[in-house]
Amino acid sequence: MPYDLVVIGTGPGGYVCAIRAAQLGLKTAVVEKEKTFGGTCLNIGCIPSKALLHASELYEEAGHTFGKMGIRVGAPALDLAAMMKFKDEGVDGNVKGVAFLLKKNKIDSFQGVGRIAAPGKIEVRSADGKIETAETKNIVIATGSDVARLKGIEIDEQRIVSSTGALALAKVPEKLLVVGAGVIGLELGSVWRRLGAQVEVVEFLDRILPGMDLDVARQFQRLLQRQGLTFRLSSKVTAIDAAGEKLKASVEPAAGGTAESIEADVALIAIGRVPYTQGLGLDAVGVKFDNKGRVAVDAHFATNVPGIYAIGDVIAGPMLAHKAEDEGVAAAEIIAGRAGHVNYDAIPNVIYTFPEVASVGRSEEELKAAGIAYNTGRFPFTANGRAKVNLTTDGFVKILADAKTDRVLGVHIVGADAGTMIAEAAVAIELGASSEDIARTSHAHPTLTEAIREAAMAVEKWSIHM
Ligand code: FAD
Ligand code: NAI
């Protein structure tokens, strides 16, 4: 009997889609080419990077902040191999968790590279060349993304690395050159700076974190500089000479001009990710792509070929695990005949550095470009009691609310635990709350979340602690 649904790829998009489909009674299978489930996020993305961010943050705190709180531990010593083991164990626990959930939901799994031989027919080629075929009424493509390459620069994952190599360096580089001041560059740059590397970031644009609210990005850059990261904005790396003991990177102004040479021990190429559709056979079955090489889908995640859907990093939208998950749920519900939907206005975005940066909804630049009048409420963590006592006063909360209706349009936070706190703002946006709704909601004292409430109060200029 054919499957109702076969999902190709078991990242956060694919495995969540499969579980939701099984919950809804669909006979479901997944195809995964790697040995473990969980995709980029669990194996070489979100989970290992957060393990290293967590461990390196504590290492830094032990060295710098413990003493201020009366805890004398002496200078902390780094055991990098043990830290990597801690990270690997965290990954292992998570990928095993996915295997358990797939089994629990009675989802079949095929291990190997999946190819859509025809609508309704998937061929899976395993590592030993064996081919299995699965017949199915529906297919969801959830094959994710891959590292974007820089022309002429070969990633060897030893000295010239992508995020994958940067999550597994055998020793702390004396000098780390980061190409791209996006999320990966700043998160992994922070990890290695804390562990002792000198970190220089080269960014093509005249700002870091394109897409984030500019005010937030500028403040965040200042904080990172204070921690020791250095930035060369409006610059590009055009070549890296790996012949000598040190790497020699040629760096030019973005607009062109005289090249300078920068020496480094390791270079991290973090200039974005590209959709991954290699080997899927999409051209042969006639699935269309958009102008950026992503699988083109309609509002119901359907491609132009009946019975073939796509979700996650391989389609348009932010390349985020929770966005992929939300699409996985929605696509499964649609395939099961229900009304699945994703609200793209309420997807939070978090950078897990210290302090964290988190946002949901629109930035000031986006509101200005759309001609939407808005009021701003802002509150710094220097005025928050808990932040003061915790010695985490860097950063602020900014709330943007519609000038006419007071509806919350965007929330931006730089600060400790911003990534956890942004959930409140996401709920507010999802439910169409006004800034007054947040301002009049009791927030426990003393918590950092009071800064969100105070920023909401500041929209109508009645913030109490400023
Ligand atoms: P993926 O997770 O990429 O999964 C795709 C899967 O499909 C893979 O397992 C792949 O092996 C499989 N596959 C591909 N082709 C085939 C085929 N033909 N046959 C069988 N299997 C196939 N996002 C966040 O939200 N928070 C974070 O903190 C975060 N941190 C990140 C850190 C790093 C270093 C990186 C690189 C990414 C990070 N991301 C983060 C982004 C996140 O990992 C992706 O958005 C997410 O994994 C996308 O999920 P997906 O299911 O679309 O694809
Ligand atoms: P990114 O798109 O976030 O940043 C890439 C940066 O590189 C941009 O600032 C861009 O202007 C710059 N750039 C591009 N070409 C360049 C060049 N030739 N020279 C110098 N700079 C150049 O991409 P990144 O950091 O690689 O991350 C990929 C994706 O992974 C992100 O889109 C993000 O969604 C996801 N991710 C999410 C995380 C999170 O949610 N915390 C963590 C890590 C990754």
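Read-outs: derived from the displayed coordinates by stated rules, not from any lab. Note that the structure is a prediction, hence the values are computed from the model and not measured. Backbone-built Cβ (ideal geometry, glycine too); neighbour counts: all protein chains shown.
Residues in region 168-226 that are over 18 Å from the mean Cα position of the chain (by Cα) and among the acidic types (Asp, Glu) were compared, and the one that is surrounded by the fewest Cβ atoms within 10 Å (Cβ to Cβ) is 206.
Residues in region 153-165 that are away from ligand 2 (no atom under 11 Å from the Cβ) and not in a strand (DSSP E or B): 154, 155, 156, 157, 158, 159, 164, 165. Of all the listed residues (237, 251, 266), the sole one being within 16 Å of ligand 1 (Cβ to nearest atom) and not basic (Lys, Arg) is 266. Taking the criterion of being within 22 Å of residue 349 (Cβ to Cβ), touching a helix residue (DSSP H, G or I) at 6+ places or on another chain (Cβ under 6 Å) and either more than 9 Å from ligand 1 (Cβ to nearest atom) or not in a helix (DSSP H, G or I) (or both), the residues of region 27-52 that qualify are 38, 51, 52. Taking each residue of region 349-365 that is touching a residue at least 24 places away in the same chain (Cβ under 8 Å) and closer than 24 Å to residue 188 by Cβ and looking for partners that are β-branched (Val, Ile, Thr) and assigned to a loop (DSSP other than H, G, I, E, B) with beta-carbon atoms closer than 9 Å, six or more apart or interchain, yields 354/392; 355/392; 360/347. Restricting attention to region 228-280, the residues that are part of a strand (DSSP E or B), of a type in the set (Gly, Ala, Ser), within 12 Å of ligand 2 (Cβ to nearest atom) and surrounded by 15 or more Cβ atoms within 10 Å (Cβ to Cβ) add up to 4. Within region 23-36, identify whether any single residue is touching a strand residue (DSSP E or B) at 6+ places or on another chain (Cβ under 9 Å), of a type in the set (Gly, Ala, Ser) and over 14 Å from residue 141 (Cα atoms), and answer yes or no. Checked region 23-36: at least one residue is touching a strand residue (DSSP E or B) at 6+ places or on another chain (Cβ under 9 Å), of a type in the set (Gly, Ala, Ser) and over 14 Å from residue 141 (Cα atoms).
Only one entry of 152, 185 meets the criterion of being of a type outside the set (Phe, Trp, Tyr), within 11 Å of ligand 1 (Cβ to nearest atom) and touching a strand residue (DSSP E or B) at 6+ places or on another chain (Cβ under 9 Å), and that entry is 185.
Across region 9-26, not a single residue is classified as more than 9 Å from ligand 1 (Cβ to nearest atom), charged (D, E, K, R) and within 24 Å of residue 192 (Cβ to Cβ). Could you list, ordered by first residue, the pairs with Cβ atoms under 7 Å in which the first is in region 191-216 and touching a residue at least 12 places away in the same chain (Cβ under 8 Å) and the second is part of a loop (DSSP other than H, G, I, E, B) and near ligand 2 (Cβ under 9 Å from one of its atoms), at least 6 apart or interchain? Correct list of pairs: 201/181; 203/180; 203/181; 204/254; 208/181; 209/181; 209/182; 214/207.
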